[in-house]
Amino acid sequence: MRSPPPLRLIAGVAALALFNLWITWRAKAIEMGARLQTAPSPLIGKPAPEFAAESLDGKRISLSDYGGKTLVATFWASWCGPCRLELPALAKLYQQQHKADSLFEILAISIDSARQNAAGAAKTLRLPFPVLLDLDNRISDAYHVEAIPVMFVIDRNGKVVSSHTGFSMTLDFMLAQELGIKNYNPVGDGK
């Protein structure tokens, strides 16, 4: 006759199941918030909050490093489905249009709580632009990030000129237009 499982095992499985439910609910709530958010960012027309963070390659990167360039800052996480759709579109635009003398830069700011999660996703997605870590959510808090993906376009003078929450199939076209890229062709090689 088999003995019943130990109470500790049952409690552990129950706790794991509850945690899994909670984390799934939290992820979905953030993604749904992206779909439901209609109010423009309170940062539009204002100076972008300064930030400095470590990139996945160990460099310290700050907003002021990009003075004189238009900066696209996108907030994302490895577990976010819409982010995993947005980032490849941004990567393709970047690979086609970004040159050493380009007047724009894209930064992907990960809100993952663990470096290895962001690093794994960045490697899988083959992100060609800098990926910054916001492990303590200081940057996302300063930018009032309530849902992801969310992207901010910061002009050459450091002012937030637009923000886009959620993923759109036409994101790359909208962004190309905002960056002043003429004749953008997502299928072509950009030459």
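Worth pointing out:
- For region 142-166, a residue qualifies if it is assigned to a loop (DSSP other than H, G, I, E, B) and on the phi < 0 side of the Ramachandran plot, and the qualifying residues are TYR143, VAL145, GLU146, ALA147, ILE148, PRO149, ASP155, ARG156, ASN157.
- Per this entry, ALA34 is counted among residues that are modelled with pLDDT under 90 and crowded, with 18+ Cβ neighbours inside 10 Å.
- Of the criteria (1) farther than 13 Å from TYR66 by Cβ; (2) in contact with a Ser or Thr (Cβ under 7 Å, 6 or more places away or on another chain), which one TYR143 fails: (2)
- Failed condition for ASP112, given (1) touching a residue at least 40 places away in the same chain (Cβ under 8 Å); (2) more than 22 Å from ALA39 (Cβ to Cβ); (3) under 12 Å from the mean Cα position of the chain (by Cα): (1)
- Restricting the search to strands (runs of 3 or more DSSP E) fully inside region 42-122 and requiring at least 2 residues that are within 18 Å of PRO149 (Cα to Cα) and among the charged types (D, E, K, R) gives an empty result.
- Qualifying residue in region 137-148 (condition: touching a residue at least 12 places away in the same chain (Cβ under 8 Å), closer than 14 Å to ARG84 by Cα, under 15 Å from the mean Cα position of the chain (by Cα) and buried (at least 18 other Cβ atoms within 10 Å of the Cβ)): yes
- Taking the listed residues GLY158, GLY120, the one that is more than 23 Å from GLU50 (Cβ to Cβ) and touching a residue at least 24 places away in the same chain (Cβ under 8 Å) is GLY120, with no other qualifying.
- Among the candidates MET169, MET174, residue that is free of Cβ contacts under 8 Å to residues at least 24 places away in the same chain, hydrophobic (A, V, I, L, M, F, W, C) and outside any loop (DSSP other than H, G, I, E, B): MET174
- Residue check for ILE139: within 25 Å of ALA39 (Cα to Cα), in contact with a Leu (Cβ under 6 Å, 6 or more places away or on another chain) and either modelled with pLDDT under 95 or not in a loop (DSSP other than H, G, I, E, B) (or both): no
- As a summary of the residue check, PHE75 satisfies the conditions (1) surrounded by 18 or more Cβ atoms within 10 Å (Cβ to Cβ); (2) hydrophobic (A, V, I, L, M, F, W, C); (3) at pLDDT below 95 except for the one numbered (3).
The values are calculated or read from the model by the stated rules, or taken from the named source; none is laboratory data. Fair warning: this is a prediction, and the values are worked out from it, not measured in the lab. Cβ atoms come from the backbone with ideal geometry, glycine included; neighbour counts cover every protein chain shown.
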